[in-house]
1. I'm told THR50 meets every condition in (1) over 16 Å from the mean Cα position of the chain (by Cα); (2) closer than 30 Å to GLY198 by Cβ except one. Can you identify the failing condition by its number?
2. Being over 16 Å from the mean Cα position of the chain (by Cα), part of a strand (DSSP E or B) and hydroxyl-bearing (Ser, Thr, Tyr) is the requirement here; does THR159 meet it?
3. What number of residues within segment 214-257 satisfy the criterion of being in a strand (DSSP E or B), among the basic types (Lys, Arg) and closer than 16 Å to GLN138 by Cβ?
4. Would you check if LEU96 is farther than 27 Å from ILE160 by Cα, surrounded by 18 or more Cβ atoms within 10 Å (Cβ to Cβ) and under 21 Å from the mean Cα position of the chain (by Cα)?
5. Within the bounds of segment 238-256, is there any residue that is out of contact with any Lys or Arg (no Cβ under 6 Å at 6 or more places or on another chain) and free of Cβ contacts under 8 Å to residues at least 40 places away in the same chain?
6. Pairs only if they're at least six apart or on different chains, beta carbon under 6 angstrom, first in segment 201-230 and on the phi < 0 side of the Ramachandran plot and at pLDDT 95 or above, second among the aromatic types (Phe, Trp, Tyr) and crowded, with 17+ Cβ neighbours inside 10 Å; list them, first residue then second.
7. Residues of segment 101-116 being open to solvent by 40 Å² or more (accessible area, probe 1.4 Å), in contact (Cβ under 8 Å) with a residue 12 or more places away in the chain and not in a strand (DSSP E or B), which ones?
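The values are calculated or read from the model by the stated rules, or taken from the named source; none is laboratory data. Owing to the predicted nature of the structure, the values given are computational and were not obtained by experimental measurement. No Cβ is skipped: glycine too gets one built from the backbone with ideal geometry, and neighbour counts run over all protein chains shown. Just so you know, the surface numbers come from the protein's heavy atoms only, side chains and all, with ligands and any DNA or RNA stripped out. Shrake-Rupley method; radii C 1.70, N 1.55, O 1.52, S 1.80 Å.
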Amino acid sequence: MTNPSRRALLGAAVGGAVAATGLPATAHAASWKLRWSPSASGDGLGAFETVEDDRADSHPAGQPHIFVEGDNFRFNMHTVDRDTATDRQRQEVTGLRTGSGSYLKWLPGETWRVTYRMYIPDSLKATTSFTHIMQMKQPGNGTSPIVVQSLRRVSGVQTIELKLPIAGILVGRTDLEPLQNKWIDVDFRIAIGDGTSGSVRWILKDGASTVIDRSKSGVDTLLADRVRPKWGIYRSLGDTSGSLRDTHLLLTGMRGHQLV
């Protein structure tokens with residue numbers, strides 16, 4: 001019996017790899033590609049697609065409410081501030097700008113990750129109504145949030161949570177007070193998909209300690225068009241716990257990665 005040819009052996013090896021993994025043997029594992037890495041001190045608010053600073057011009061004496069402080073992005077909120085809808089307050093930035101007139105679009109079928117450091121002072125309290133400090137939305141007025149990272153008071157306890165509000169899915173929740181008055185690390189990931197093809201993962205770290213790491217798959221993370229992140233303070237005036245104060249939020253070291 002003759003020995004198999006080198007070509008035949010190679011074909012068998014490749015065929016085995018395809019059968020075992022569903023991918024050609026030459027395929028590379030997906031990895032995170034850095035697509036956005038602004039410096040607050042260098043790029044300023046040009047790091048973002050849009051800036052929503054006192055859209056209703058409700059508090060000119062407090063402007064700007066969003067500005068650079070050292071190498072941090074700072075969001076100030078005063079109790080007198082009002083949004084165009086007067087039952088709420090909003091000081092937010094949106095999107096990931098990469099150059100003059102250019103910004104990243106998060107599209108269906110893509111997977112994105114944002115990491116950053118966040119400082120929540122104890123004056124920025126959880127409320128009985130909504131206080132969002134990060135959102136994932138479809139651009140445009142009146143669109144519902146797809147994902148919210150919020151400060152919510154639950155049975156009198158201050159918490160920070162991640163929720164998919166359209167489906168009413170709580171991804172994770174942890175105590176807020178141990179995370180205030182210090183820098184914590186946020187790692188948020190989203191696979192953009194309609195119906196049940198989307199997923200999210202939310203990680204908070206306090207130094208070397210992982211405070212929470214929660215994932216949810218088989219969920220809807222797309223309304224239409226694209227997904228755009230927002231950061232800042234967006235809160236309702238309907239709080240019943242007396243938690244609304246003049247306050248601020250700091251963000252730094254913001255990075256955006258795409259899975260490729």
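1. Failed condition: (1).
2. Details: over 16 Å from the mean Cα position of the chain (by Cα): yes; part of a strand (DSSP E or B): yes; hydroxyl-bearing (Ser, Thr, Tyr): yes.
When the stated conditions are applied, THR159 passes them.
3. Residues in segment 214-257 being in a strand (DSSP E or B), among the basic types (Lys, Arg) and closer than 16 Å to GLN138 by Cβ: 2 in total.
4. Numbers: farther than 27 Å from ILE160 by Cα: no; surrounded by 18 or more Cβ atoms within 10 Å (Cβ to Cβ): yes; under 21 Å from the mean Cα position of the chain (by Cα): yes.
Answer is no for this residue.
5. Scanning segment 238-256 turns up at least one residue that is out of contact with any Lys or Arg (no Cβ under 6 Å at 6 or more places or on another chain) and free of Cβ contacts under 8 Å to residues at least 40 places away in the same chain.
6. Listed by first residue and then by second, the contacts come to TRP202/PHE188; ARG214/TRP202; ARG226/TRP106; VAL227/TRP106.
7. Here is the first cut: in segment 101-116, the residues open to solvent by 40 Å² or more (accessible area, probe 1.4 Å) are 101-103, 105, 107-110, 113.
From what's left, in contact (Cβ under 8 Å) with a residue 12 or more places away in the chain: 103, 105, 107-110, 113.
Residues satisfying the conditions are LYS105, LEU107, PRO108, GLY109, GLU110.
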